Amino acid sequence: MGSDEDKRIPFSQRPEWADVTPVPQNDGPNPVVPIAYSEEFAETMSYFRAVYLADERSQRSLQLTSEAIQLNAANYTVWQFRRLTLEALNSDLHDELEFVENLASVNSKNYQLWHHRRWVAEKLGTEAVTRELEFTKNIFLKDAKNYHAWSHRQWVLQTLGGWEHELAYCDELLKDDIFNNSAWNQRYFVITRHPGLEGIDVTRESEVKYAVKAILTRPENESPWRYLRGLYKNYTKGLIADPEVSKVILTVLTSKVYPVFALSLLLDLVSHGFEPNQDFKSAVEAIVPESNFRGMDIAVMVCSVLEIVDPTRASYWKWRKSSFHSQAVEGISNLRIR
């Protein structure tokens with residue numbers, strides 16, 4: 001802002017503000033730790049307090065809020081007064097979208113900015129859909145995981161529409177970066193919320209294939225494994241019964257690639273009643289060939305292997321293993337009682 005600051009004319013020297021008496025900040029007679037505001041900030045906020053207290057919803061007030069927001073985009077009161085002023089002046093809200101876009105180019109993670117953007121889009125209604133989707137796309141070009149932009153995009157889709165090409169957009173993002181967990185999350189959002197897709201029961205089969213393909217491409221990528229589980233949320237029986245699920249687990253385990261997520265899913269399947277055949281047991285044993293896991297219960301064996309190949313969570317896998325040991329002991333005791 002160097003050159004802009006040099007050209008800035010103080011409010012006290014602007015003829016259009018000659019009738020306004022600024023209201024300085026009152027920190028009391030003996031402030032403990034006074035904040036060292038810049039002269040520009042202190043003056044701008046003093047004039048803002050004046051128009052705010054007078055409830056002056058004028059064009060000059062609107063311009064004043066622009067300058068105040070440039071100095072501190074997190075000031076909720078300034079944003080709120082700006083909205084009141086926009087309504088009072090019946091301002092062109094398309095111009096307001098441009099104002100927000102300029103701010104977002106340098107401050108895309110400001111909560112007040114996104115709240116204001118949503119307010120403007122809601123006022124414009126369906127005519128804002130295309131611009132809002134493009135706006136978030138441009139944000140993702142710089143920051144593919146910007147939470148505020150994703151939240152706004154989902155709000156736009158649910159409130160204003162624009163679902164038609166969203167699944168294809170998710171596919172485009174995942175082709176660019178298969179590790180983009182935000183794009184995986186958006187894909188799940190689309191298949192579960194898109195009013196034209198008829199719900200997850202209809203899309204599950206094709207989405208399982210999509211996830212499996214992604215898993216086989218990069219087995220060390222946790223996102224498609226999570227996505228696969230999500231496709232069977234609250235439907236564990238379906239997850240266990242789907243041959244595509246057990247097949248991809250076995251394929252990864254026998255491919256000498258990163259096995260942690262395949263083992264983790266196998267463990268969850270076993271804990272819910274899945275009975276793996278000898279191929280699974282042999283594949284698990286072969287991951288750590290120097291260890292002797294023969295004769296172990298499959299769940300205990302998987303936990304033992306995970307302790308080795310996933311040392312960061314070794315304590316967790318030990319805890320899981322102890323729970324299976326406890327179940328085994330309890331089962332034996334029940335047999336003796338009978």
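The values are calculated or read from the model by the stated rules, or taken from the named source; none is laboratory data. It should be emphasised that the depicted structure is a prediction, and the values quoted were computed from it without experimental measurement. Neighbour counts are summed over all protein chains in view; Cβ atoms, including those assigned to glycine, are modelled from backbone coordinates with ideal geometry. To get the accessible areas, we keep the full protein, side chains included, count just its heavy atoms, and leave off ligands, DNA and RNA. Shrake-Rupley method; radii C 1.70, N 1.55, O 1.52, S 1.80 Å.
List of remarks:
- A count restricted to region 81-111 and to residues that are assigned to a helix (DSSP H, G or I) and farther than 16 Å from ILE139 by Cα stands at 13.
- Among all residues of region 49-58, there is none that is in a helix (DSSP H, G or I) and either in contact with a Cys (Cβ under 9 Å, 6 or more places away or on another chain) or within 29 Å of GLU127 (Cβ to Cβ) (or both).
- Looking across region 73-112 at every residue that is more than 15 Å from VAL51 (Cα to Cα) and touching a Phe, Trp or Tyr at 6+ places or on another chain (Cβ under 7 Å), the one that is surrounded by the fewest Cβ atoms within 10 Å (Cβ to Cβ) is identified as GLU101.
- Test: residue in region 198-210 that is in a helix (DSSP H, G or I), among the β-branched types (Val, Ile, Thr) and either in contact with a Ser or Thr (Cβ under 6 Å, 6 or more places away or on another chain) or buried (at least 19 other Cβ atoms within 10 Å of the Cβ) (or both): yes
- In region 278-294, residue nearest to GLU307 (Cα to Cα) [restricted to those that are charged (D, E, K, R) and surrounded by 16 or more Cβ atoms within 10 Å (Cβ to Cβ)]: GLU285
Quick grid of which residues meet (1) of a type outside the set (Val, Ile, Thr); (2) modelled with pLDDT under 95; (3) open to solvent by 80 Å² or more (accessible area, probe 1.4 Å):
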position: ILE240; (1), (2), (3): no, no, no
position: TYR258; (1), (2), (3): yes, no, yes
position: LEU266; (1), (2), (3): yes, no, no
position: MET296; (1), (2), (3): yes, yes, no
position: THR312; (1), (2), (3): no, no, yes
position: SER323; (1), (2), (3): yes, yes, no
position: SER326; (1), (2), (3): yes, yes, no
position: ARG338; (1), (2), (3): yes, yes, yes
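- Evaluation of GLN25 against the conditions (1) surrounded by 12 or more Cβ atoms within 10 Å (Cβ to Cβ); (2) in a helix (DSSP H, G or I); (3) not small (Gly, Ala, Ser) shows that the sole unmet condition is (2).
- Selection over region 160-195 of residues that are crowded, with 17+ Cβ neighbours inside 10 Å and either of a type in the set (Ser, Thr, Tyr) or modelled with pLDDT under 95 (or both) gives a count of 3.
- Pick from region 190-207, criterion closer than 20 Å to LEU239 by Cα and hydrophobic (A, V, I, L, M, F, W, C), ranking: nearest to the chain's Cα centre (by Cα): ILE191
- Residues that are open to solvent by 20 Å² or more (accessible area, probe 1.4 Å) and within 30 Å of GLN25 (Cα to Cα) do occur in region 118-126.
- None of SER151, SER223 is part of a helix (DSSP H, G or I), surrounded by 14 or more Cβ atoms within 10 Å (Cβ to Cβ) and touching a residue at least 12 places away in the same chain (Cβ under 8 Å) except SER223.
- Some residue of region 228-235 being touching a residue at least 40 places away in the same chain (Cβ under 8 Å) and under 22 Å from THR312 (Cα atoms): no
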